[in-house]
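Single-structure report; data block below.
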Amino acid sequence: MQDNKITARNVQVYYGDNQAIKDVNVDIADKTVTAFIGPSGCGKSTFLRCLNRMNDTIDICRVEGDIRIDGEDIYDPKVDPVQLRAKVGMVFQKPNPFPKSIYDNVAYGPKIHGLARNKAELDEIVEKSLRKAALWNEAKDRLAAPGTGLSGGQQQRLCIARAIATSPEVLLMDEPCSALDPIATAQVEELIDELRQSFSVVIVTHSMQQAARVSQKTAFFHLGNLVEYDETDKIFTNPEDPRTESYISGRIG
Ligand SMILES: Nc1ncnc2c1ncn2[C@@H]1O[C@H](COP(=O)(O)OP(=O)(O)OP(=O)(O)O)[C@@H](O)[C@H]1O
Ligand SMILES: [Mg+2]
């Protein structure tokens with residue numbers, strides 16, 4: 001069993017008066033893929049956004065409780081959310097490359113965080129990130145071309161390269177394959193499995209097949225509650241809670 005990378009205790013999230021996350025407690029392991037599943041509106045994205053303080057950007061959103069990464073309280077006033085987001089990268093549902101070249105999409109983060117001392121080092125980070133994201137072979141001869149000119153699956157791999165270029169420790173992915181075709185999905189899933197060697201990966205997915213394929217741990221959310229959290233095999237073969245059972249057998253959601 002790996003060490004815990006993230007611990008969340010008594011997490012409540014409100015949008016105005018509406019409580020979207022209700023007293024969630026969870027430990028997320030390092031070098032592991034953790035899947036968040038559950039019906040639409042159950043709070044998966046909301047909880048995921050707590051882990052890199054993306055909810056800070058939503059005015060009416062209020063987060064309570066204690067969330068730590070490597071024991072450090074990420075909501076401590078001395079934590080800079082921009083630095084935190086370099087350490088806890090995020091990939092969204094729709095590929096959202098910057099309107100810049102392929103090279104600059106990947107180089108942007110390392111540049112603003114001062115991770116390269118010179119052009120050669122930056123080139124190296126860009127190449128390494130694109131290789132890890134399984135995009136290097138397709139992109140190496142067109143690094144100056146706009147990122148938006150890539151196919152959807154390539155754009156998503158570019159966004160993954162961009163997210164890993166700052167050497168994050170945690171990678172959050174909110175339905176990263178929902179805009180992709182089956183071939184691109186398979187490539188991204190293979191990539192997620194490789195990324196697990198270096199990072200803790202948390203993925204929100206609507207596809208139970210995907211959760212079963214890529215994750216080792218699965219958390220089932222329902223109406224803002226974390227109903228059940230266990231080994232992925234256990235959740236899909238022998239869940240404890242009747243609500244989990246109903247969801248995985250297709251009766252709710
Ligand atoms: N920006 C927001 N402002 C107000 N309410 C929000 C906001 N974002 C989410 N909510 C509410 O919080 C609850 C949880 O939403 P969330 O997006 O986290 O669910 P989800 O599980 O990710 O759903 P889906 O599977 O459809 O993406 C819902 O009731 C939703 O309406
Ligand atoms: Mg969502």
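Just so you know, all these numbers are worked out from the coordinates, no wet-lab data involved. All values derive from a computational prediction rather than experimental measurement. Because the Cβ atoms are built from the backbone with ideal geometry, glycine has one as well, and the counts that use them run over all protein chains shown.
Subtracting the Cα-Cα distance of Asp233 and Gln197 from 0.36 nm times their residue separation leaves 11.0 nm of extension gain. Relative to the compact-globule estimate of 2.2 N^0.38 Å, the Cα radius of gyration of segment 1-49 comes out at 1.26.
Taking every DSSP beta bridge that has both ends in segment 4-248, the antiparallel portion is near 60%.
Counting only Cα atoms, the size of the chain along its three principal axes is 54, 43, 35 Å, in decreasing order. Find how many whole Å separate the alpha carbon centroid of segment 203-253 from the alpha carbon centroid of segment 51-86. Measuring centre to centre over Cα atoms gives 26 Å. Label-to-label distance for Gln83 and Ala179 is 3.2 nm, based on points extended 7 Å past Cα in the beta-carbon direction. With a Förster radius of 25 Å applied to the beta-carbon distance between Asp27 and Arg131, the computed FRET efficiency rounds to 0.20.
Here's how it looks for Phe36: its modeled amide H is under 5 Å from those of Ile203, Val204, Thr205, Ala219, which are all 5 or more places away or on a different chain. Estimated from helical segments only, the mean residue ellipticity of the chain at 222 nm is -10000 deg cm²/dmol, where each DSSP H run of four or more residues counts as -39500 (n - 2.57).
Could you estimate the translational diffusion coefficient of segment 128-246 from the Stokes-Einstein equation, with Rh from the Kirkwood formula over C-alpha pairs, at 25 °C and 0.890 mPa s, in whole µm²/s? Don't skip to the end; give the middle numbers.
Values: Rh = 15.6 Å.
It diffuses with D of about 158 µm²/s by this estimate.
Extending 7 Å from Cα along the Cβ direction at Gln93 and again at Glu72 yields two label points whose distance is 3.2 nm. Cross-link pairs exceeding 32 Å between alpha carbons, from the set Lys22/Lys111; Lys111/Lys217; Lys140/Lys217; Lys5/Lys140; Lys44/Lys119; Lys22/Lys78: Lys22/Lys111; Lys111/Lys217; Lys140/Lys217; Lys5/Lys140; Lys44/Lys119. With coordinates expressed along the principal axes, the C-alpha atoms belonging to segment 1-128 extend over 49, 35, 30 Å, beginning with the largest.
Roughly speaking, what is the stretch gain from Tyr14 to Asn118, that is 0.36 nm per residue apart minus the C-alpha to C-alpha distance, in nm to one decimal? Please report the intermediate quantities before stating the final value.
Details: separation 104, 0.36 × 104 = 37.44 nm, distance 4.43 nm.
The span from Tyr14 to Asn118 would gain 33.0 nm if fully extended.
With a 10 Å radius around each residue's Cβ, average the other Cβ atoms per peptide and rank 117-125, 207-215, highest first. Don't skip to the answer; put the middle values down first.
Values: 117-125: 12.3, 207-215: 19.6.
The densest-packed peptide leads the list: 207-215, 117-125.
Working from label points 7 Å from Cα in the Cα-to-Cβ sense, the Arg62 to Thr7 distance is 2.6 nm.
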